[in-house]
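The values are calculated or read from the model by the stated rules, or taken from the named source; none is laboratory data. As the structure is a prediction and not an experimental result, all values here were calculated from the model. Using ideal geometry, Cβ is built from the backbone for each residue, glycine included, and neighbour counts are taken over all protein chains shown.
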Amino acid sequence: MGVMSPDAMTDASGNSGRFTTTRWSLILSSIDGEGAAGKARDALAQLCRIYWRPIFAFICRKGHSVPDAQDLTQDFFVIVLKGNLLQQADRERGRFRSLLLKSVQNFLIDAHARTLARKRGGDVQFVSWDDWMAEAPSHLALPISALESWPAERIFDVRWAATVAEQALRRLQEECERHGRRRVFDVLSAALTSDRDNVCYEKLGRELGVGAAEIKRLLHKLRQRYRQLLRAEVAETVENPGEVDDELHYLVSALAAGRGMSDE
């Protein structure tokens, strides 16, 4: 199954050389006046398009209606792209997640920033809200009790973790499709994070027309590649290799908390 071959962007050894090309390192170098502003802006826009959902969930939990939160989310990202909101945040900025959270907290507090809401059709071209929703659907549904009782920061972290995991899963799906293995992905993807004792290999084998031993082999390769892609996704949002493992552990814990609440 060729789709499982790791590529240079998923160096499990933590080689620091790969971090010179991540989206976050481009943005940081631009903030410090060392990098190409155009490339940094493109990298930031890409991160914004991926990670809008935690911002939206955070703003909703702060008491804003859904329509207002939609507008504020887009306004926040427009201001990030146009101005120096990131520079104003905590300089302990090794992780994009932490800096973005601090920035949106500042944004909501700063009455002046809120008055800078963009006009529709203005000079900053951003995808429409419907396009955002279609581009990055979420399969994590938090219960109303969590949305109403959890601190906004906890909701942000769970949503962030889900976005990272779903982005890696989306990349795995695309790889499988390119290699003519979309059916394998569709059947086995739900078992990627399941406890091995809860996986019925015989049933999955019947769906794909292969034996249980082949299902175990395919699922092992899918899990291996998924972990590589998950690590690569996290690496795009931290400043140096030493932070990847800690960030992964943090996000896995947050996601487990969110899934545990969803199952109740």
Residue check: is A212 of a type in the set (A, V, I, L, M, F, W, C) and surrounded by fewer than 18 Cβ atoms within 10 Å (Cβ to Cβ)?
-> yes
May I ask you to list pairs of residues, at least six apart or on different chains, whose Cβ atoms are under 8 Å apart, with the first in the stretch 188-217 being in the same structural domain as E177 (by TED's automatic domain parsing) and without any contact (Cβ under 8 Å) to a residue 60 or more places away in the chain and the second being part of a loop (DSSP other than H, G, I, E, B) and surrounded by 15 or more Cβ atoms within 10 Å (Cβ to Cβ)?
-> A191/V199
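Step by step: first the residues of the stretch 137-157, then only those that are at pLDDT below 75 and over 20 Å from the mean Cα position of the chain (by Cα), then the one that is surrounded by the fewest Cβ atoms within 10 Å (Cβ to Cβ). Which residue is that?
Here the residue is I144.
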Boolean, R181 is surrounded by 17 or more Cβ atoms within 10 Å (Cβ to Cβ) and either assigned by TED's automatic domain parsing to the domain that holds W52 or not small (G, A, S) (or both) = yes
Being of a type in the set (A, V, I, L, M, F, W, C) and at pLDDT 85 or above narrows V244, V238 down to just V244
Within the stretch 69-84, is there a residue that is modelled with pLDDT of 85 or more and either small (G, A, S) or not in a helix (DSSP H, G or I) (or both)?
-> yes
Residue selected from the stretch 180-223 under the condition of a type in the set (S, T, Y) and in a helix (DSSP H, G or I), by the criterion farthest from R170 (Cα to Cα) | Y201
